[in-house]
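Report on one structure; see the data block that follows.
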């Protein structure tokens with residue numbers, strides 16, 4: 001057994017509750033395990049050559065003096081500090097034994113706080129090889145219970161159970177009397193239920209007999225010779241301890257009832273179900289739980305969760321679904337999240353079993369629950385994780401049959417997932433199903449479909465879908481989808497094709513692209529050599545009331561355009577004969593900044609006379625002298 005190290009409390013009056021709570025967390029071995037139990041200890045205390053405490057000293061214990069226990073009790077009555085206690089014990093040469101501990105506790109029965117401090121002090125200083133005996137624990141239990149420390153009483157009971165100690169009949173009877181007198185029914189029931197017919201120790205002995213040989217007359221005879229009065233609580237302990245031998249657990253379970261020793265109740269049935277809920281006992285499991293239900297008992301949530309987890313771990317999805325159906329038919333119904341959990345398990349299975357999926361949905365909704373978008377979203381994520389998003393039409397159909405109404409967001413998510421994954425047939429089927437149901441597709445769904453095709457690189461299909469959208473939804477609601485489509489064309493260096501689409505839909509379908517769409521398309525056209533197409537868009541922008549988009553044209557013309565290009569740009573951007581002088585001056589300056597003096601002169605020659613002889617234009621050209629000459633004004 002691995003060693004354990006725990007913090008030592010220097011104050012002996014730390015509450016028993018705290019020590020035992022920590023102890024309960026620290027102990028992980030079963031109650032029937034022969035392994036030694038780890039306890040708190042003090043290294044400095046172990047190294048003391050003067051203070052000899054049983055379990056820490058290899059020397060034989062001295063004969064107990066009659067007065068020793070009174071001395072110890074008096075020390076703990078007077079002092080609470082560790083150092084003072086140690087000095088006093090050292091000066092009195094006290095040797096601790098089981099008998100000493102019992103006598104001290106008896107002497108302190110009327111002083112529960114002092115008794116608690118003493119017991120806790122001894123508890124923390126036990127060795128690995130020795131432990132407080134059952135009598136000491138039961139005496140401490142009695143002190144706590146009689147003096148009203150009920151919470152600490154139960155903590156100590158739990159600690160005793162973990163190390164194989166039971167509650168003595170004397171303590172049990174005394175506390176039953178107190179609980180009944182004080183009206184503490186829940187504590188009384190708990191005491192009767194947990195320790196009514198013995199303790200964990202008895203169940204361990206029963207298990208040892210059952211494990212020792214094949215079940216037969218000899219085993220039954222030895223069990224009868226124990227003269228044990230079986231209770232459902234004791235049956236529970238035995239069955240759970242035999243969990244690694246489910247067949248023997250079930251034989252014992254049947255034997256005790258058939259022999260008239262006990263009548264099984266909800267607790268014992270659930271214990272048996274937890275043991276049998278495994279792959280190699282599945283038939284017997286269902287027989288027991290069906291029998292339990294027929295007798296009016298319910299499956300506990302602890303049983304459901306434990307067995308469901310085991311089924312799912314072993315990929316027993318059908319049995320997991322059957323278990324869910326069984327539990328939903330009882331009073332202790334699984335949570336909504338359990339439905340989601342099972343649906344996700346089904347869709348990521350080796351094969352998608354739509355019958356199981358439908359069954360879970362039917363059971364869930366049949367119990368008054370409503371399918372939500374969060375459930376659908378979780379299932380879609382699981383489909384995606386195993387590359388089965390193409391099956392979402394089947395999933396959605398079953399959920400809609402169960403009352404689910406897909407929102408625009410849900411539809412958009414699905415259709416984008418299908419089209420972006422190249423599932424064109426499934427995407428088309430999805431859209432057709434929506435129309436067939438009489439629902440409007442909505443511009444968001446269309447936009448998501450088109451965006452998905454664009455992401456997949458299927459621009460021609462995206463264009464066809466946009467055409468269908470315009471036919472069904474009218475062009476005024478197609479701005480978002482068109483923006484997506486244009487951007488996709490531009491990203492594929494097909495800005496000219498995008499421009500043709502724009503001109504066509506604007507002229508035939510009264511489409512009004514957004515200002516952003518115009519601007520992005522113009523920039524891409526100029527980069528991809530579509531200067532004339534960009535000028536056409538500039539005219540459309542004006543017709544739709546947008547301000548002229550000047551910057552990219554000025555940059556393009558000044559760096560790579562001719563004088564004729566500059567004139568064409570200026571005419572396209574203005575509805576007047578010619579734009580304002582400020583725009584012309586900006587274009588001249590850009591030519592010079594680009595180092596294209598000759599092109600600037602050519603552009604000047606093509607300008608109207610009032611521009612060529614404008615004072616600001618002349619001043620600009622004079623200020624840009626280059627190599628000793630200045631451009632002369634061209635006469636009108």
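Only the coordinates and a few stated rules stand behind these numbers; no lab work does. Just so you know, these numbers come straight off a predicted model, no measurement behind them. In this analysis, Cβ positions are derived from the backbone assuming ideal geometry, glycine residues included, and neighbour counts consider all displayed protein chains.
Between residue 497 and residue 279, residue separation times 0.36 nm minus the direct Cα-Cα distance comes to 72.2 nm. Both numbers refer to the Cα atoms of segment 390-545; Rg and Dmax are 16.8, 57 Å. What FRET efficiency comes out for the pair residue 92/residue 178, r = Cβ-Cβ distance, R0 = 41 Å, nearest 0.05? In this case the efficiency is close to 0.70.
Report the paramagnetic label zone for residue 474: residues of segment 426-459 whose backbone N is under 16 Å from a point 7 Å from Cα along the Cα-to-Cβ axis. So the set is 440-444.
At a Förster distance of 56 Å, what's the computed FRET efficiency of residue 255 paired with residue 440, Cβ-Cβ distance as r, to 0.05? Computed FRET efficiency for residue 255 and residue 440: 0.25. Cβ crowding within 10 Å, taken as a proxy for footprinting-reagent exposure, orders 621, 603 from fewest neighbours to most as 621, 603.
On full extension of the chain, what length is gained from residue 429 through residue 509, given 0.36 nm per residue of separation minus the C-alpha to C-alpha distance? Extra length from residue 429 to residue 509 when fully extended: 26.1 nm. Counting neighbouring Cβ atoms within 10 Å and putting the fewest first, the residues 419, 439, 91, 268 line up as 91, 439, 268, 419. Segment 205-271 and segment 426-483 have Cα centres spaced 68 Å apart. Cβ-Cβ distance of residue 293 and residue 374, R₀ of 41 Å, FRET efficiency by 1/(1 + (r/R0)^6): the value works out to about 0.85.
Between residue 350 and residue 229, the simple spin-label model (points 7 angstrom out along Cα→Cβ) gives 5.3 nm.
When both segment 486-524 and segment 348-424 are represented by their alpha-carbon centers, they are found 36 Å apart. Look at 231, 362, 186 and count the other Cβ atoms within 10 Å of each Cβ; fewest to most, that gives 186, 362, 231.
In this simple spin-label model, placing a label point 7 Å from the Cα along the Cα-to-Cβ direction at both residue 581 and residue 214 gives a separation of 11.8 nm. Gyration tensor over the Cα atoms of segment 325-414: the corresponding equivalent ellipsoid has semi-axes (square roots of 5 times the eigenvalues, largest first) of 21, 15, 11 Å.
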